[in-house]
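The values are calculated or read from the model by the stated rules, or taken from the named source; none is laboratory data. Note that this is a predicted model, so its numbers are computed, not measured. All Cβ positions, even for glycine, are placed from backbone atoms using ideal geometry, and neighbour counts span all protein chains on display. These area figures cover heavy atoms from the full protein model, side chains too; ligands, DNA and RNA do not enter into them. Shrake-Rupley method; radii C 1.70, N 1.55, O 1.52, S 1.80 Å.
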Amino acid sequence: MTELLYQTDSYLQDFEARVESIDDENRAIILDRSAFYPGGGGQPADSGALVAGEITYTIKRAKKVGPQVLHYVEGDSPLPEVGQAVQGRVDWVPRYHLMRTHTALHILCGVVFRDYGALVTGGNMEPLKGRMDFEFETMHKELVEKIEQAVNQEVVNARPVHIRILPREEAFQIPDLIRTKINLLPEGIKEVRVVEIVGLDLQADGGTHVHNTSEVGHVRVVDYKSKGKINKRIYIEMDDPSA
Ligand SMILES: [Zn+2]
């Protein structure tokens with residue numbers, strides 16, 4: 001079982017772990033703990049590196065299979081031994097861009113629900129680019145501009161983003177969570193990870209987020225599209241200040 005370090009500290013880039021097992025067929029390393037985000041909820045998996053003894057393994061991506069996180073190794077160097085200590089490092093630039101993007105999408109989600117009562121039906125993201133689908137009858141330019149303004153106002157408002165892991169029963173008491181279909185969670189799940197943009201949005205979510213909406217930076221709504229009678233898609237982009 002891999003302890004998911006990113007769940008409680010999304011800013012963790014470097015970590016120490018031990019090799020729990022090796023998947024020779026897939027050339028994947030399974031660790032007892034990992035800061036690698038294994039993908040899910042529209043957020044792509046992290047890449048990075050693992051150092052074991054003299055060897056540095058380039059990790060193309062991580063993936064969660066059952067309770068384990070698999071780190072897929074590039075190249076053909078011999079894989080480490082079970083029990084060996086490793087140092088892990090997440091490729092930070094794309095990951096931090098994804099944190100900003102993921103939080104931006106939650107801001108969008110919160111604003112659209114608060115101002116129009118529209119629910120999200122899906123979403124996806126890449127670093128600094130994302131899209132989200134809403135149950136909206138009509139979408140037009142003025143409406144999209146209003147939404148963009150409201151999103152950027154919430155960036156300026158610098159709302160804290162809190163992550164909590166709650167017992168299932170406690171999470172089910174939070175009325176706001178009902179709209180994100182928390183009731184669809186499988187029976188066996190005992191704890192629910194909750195991401196709250198204080199005063200704006202609350203969701204059951206497994207992704208990595210920034211600590212404050214101010215870190216998201218300016219958000220541009222770059223396009224919108226009809227994806228059916230009641231589904232409308234909004235596309236956002238953000239800038240890389242270092243580029
Ligand atoms: Zn999310």
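Miscellaneous remarks
- Accessible carbon and sulfur surface of the chain relative to its total accessible area, %, 1.4 Å: 50 percent
- Protection proxy ranking of 100-113, 196-209 - average other beta-carbon atoms within 10 Å, highest first: 100-113, 196-209
- Residues of the range 96-130 with an amide N closer than 16 Å to a point placed 7 Å from the Cα of Glu145 along the Cα-to-Cβ direction: none.
- As a calculated quantity, the FRET efficiency between Tyr116 and Asp14 at R0 = 35 Å, using C-beta atoms, amounts to about 0.25.
- Compactness of the range 36-86, expressed as Rg and Dmax over alpha-carbon positions, Å: 11.7, 35
- Computed from Cα atoms, the angle from the helix 92-116 axis to the main principal axis of the chain rounds to 30 degrees.
- Stokes-Einstein D for the chain, Kirkwood Rh over Cα pairs, 4 °C, 1.567 mPa s (µm²/s): 68 µm²/s
- Overall dimensions of the range 50-160 by Cα: Rg and Dmax, Å: 20.2, 59
- Here the gap between Val82 and Arg33, fully extended at 0.36 nm per residue and compared with their Cα-Cα distance, gives a gain of 16.3 nm.
- Label-point gap, in nm, between Arg220 and Glu135 - each point 7 angstrom along Cα→Cβ: 3.3 nm
- Across the alpha-carbon set of the range 1-64, the Rg to Rh ratio works out to 0.93, Rh being the Kirkwood radius.
- Principal-axis tilt of helix 141-156 within the chain, Cα atoms, nearest 10 degrees: 60 degrees
- The Cα trace of the range 1-108 gives Rg and Dmax of 13.5, 46 Å, the first to one decimal, the second as a whole number.
- Extension gain from Lys229 to Thr58, taking 0.36 nm per residue of separation minus the Cα-Cα distance: 57.1 nm
- Greater than 20 Å apart at Cα, pairs in Lys60/Lys190; Lys141/Lys227; Lys63/Lys190; Lys129/Lys229; Lys129/Lys232; Lys146/Lys229: Lys60/Lys190; Lys63/Lys190; Lys129/Lys229; Lys146/Lys229
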